[in-house]
Amino acid sequence: LDGEREQAASGPGAATDLDARAALRTRSFWILTFSLLSFWLYFLAMLDHLVLFLTDEGVENARSYFANAILVGVVSKVGFGWIADRLGAWPSVLFDYGLLALSSLLLLALPRAELLWPFVLIYGFSVAARDVATPLLVDHCFGVRSLAQIYGWLMLTLLPGGTLGPAFAGLVHDRTGSYDLAFQVFAGLNVLSFALLFLVRDERARVTRGAASAAA
């Protein structure tokens, strides 16, 4: 096992892979941080408030829509893996976050009956596929040498996202009598994070070029 680890650490590209400290100094890391924070705000607010929202809007069997979204998510982890193997890391992440942004825009139009199932399918697929997409993008930007540590830093966004998302949605509902403003904010954040992902890059090449220039 130790031999396999040494071989992986010395494999192709390992010398240029970034450690966590170097990754934190790149723009791609902070774009990923913002995108994940936006994701947690939206996803965890929906966990707490989606059924309440649909019930408020008079949708029958609101819990069944939520349950079906969870079921779609279970399937999507395998399905998205298949997609990522064919599209590659960065395009598949853009695909996932594009669907995530679309789901939050569809949410603004609910409870229109014809949009309920499109929302359930797109939301359920995209939020669960995030579990597969993020490690792929970390590898794309920084390599695998410190993937676990970099991913751990990124996952700290769960702390503010998990607290502020549900609390913000609940506060807006209590103050205004609807979720409209909260859902608009979530949609805006998701669209912005999707746009920013186009600026993500392979930071290893940039850092290597910078080091070579400094040495020269």
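The values are calculated or read from the model by the stated rules, or taken from the named source; none is laboratory data. Since this is a predicted model, take the numbers as computed values, not measurements. Note: ideal-geometry Cβ built from the backbone for every residue, glycine included; neighbour counts use all protein chains shown. Accessible surface areas use protein heavy atoms only, side chains included; no ligands, DNA or RNA. Shrake-Rupley method; radii C 1.70, N 1.55, O 1.52, S 1.80 Å.
Selection over region 132-182 of residues that are over 19 Å from L99 (Cβ atoms), surrounded by 19 or more Cβ atoms within 10 Å (Cβ to Cβ) and among the polar types (S, T, N, Q) gives a count of 2. Taking (1) open to solvent by less than 60 Å² (accessible area, probe 1.4 Å); (2) modelled with pLDDT of 90 or more in turn, R201 satisfies each apart from (1). For the condition at negative phi, among the acidic types (D, E) and open to solvent by less than 50 Å² (accessible area, probe 1.4 Å), D96 qualifies.
Among the candidates A101, A129, the residue that is over 16 Å from A187 (Cβ atoms), touching a residue at least 12 places away in the same chain (Cβ under 8 Å), open to solvent by less than 10 Å² (accessible area, probe 1.4 Å) and not in a loop (DSSP other than H, G, I, E, B) is uniquely A129.
Scanning region 104-114 for residues that are surrounded by 15 or more Cβ atoms within 10 Å (Cβ to Cβ) and either at pLDDT 95 or above or part of a helix (DSSP H, G or I) (or both) returns S104, L105, L106, L107. Just one of the listed residues (R5, R21) is at pLDDT 90 or above and closer than 25 Å to Q149 by Cβ, and it is R21. Residues that are open to solvent by 30 Å² or more (accessible area, probe 1.4 Å) and within 14 Å of S76 (Cβ to Cβ) within region 115-124 comprise L121, I122, listed in sequence order. When you check G161 against the structure, is it among the small types (G, A, S), closer than 16 Å to W30 by Cα and part of a helix (DSSP H, G or I), yes or no? Answer is yes for this residue. Of all residues in region 51-66, those satisfying the criterion of being surrounded by 13 or more Cβ atoms within 10 Å (Cβ to Cβ) and either of a type in the set (A, V, I, L, M) or not in a helix (DSSP H, G or I) (or both) are V51, L52, L54, E57, V59, A62.
Within region 37-53, residues that are free of Cβ contacts under 8 Å to residues at least 40 places away in the same chain reach partners that are surrounded by fewer than 22 Cβ atoms within 10 Å (Cβ to Cβ) and in a helix (DSSP H, G or I) with beta carbons closer than 7 Å, at six or more positions or on different chains, in the pairs L50/F66; V51/A62; V51/R63; V51/F66. Restricting A169, A195 to residues that are small (G, A, S) and touching a residue at least 12 places away in the same chain (Cβ under 8 Å) narrows the list to A169.
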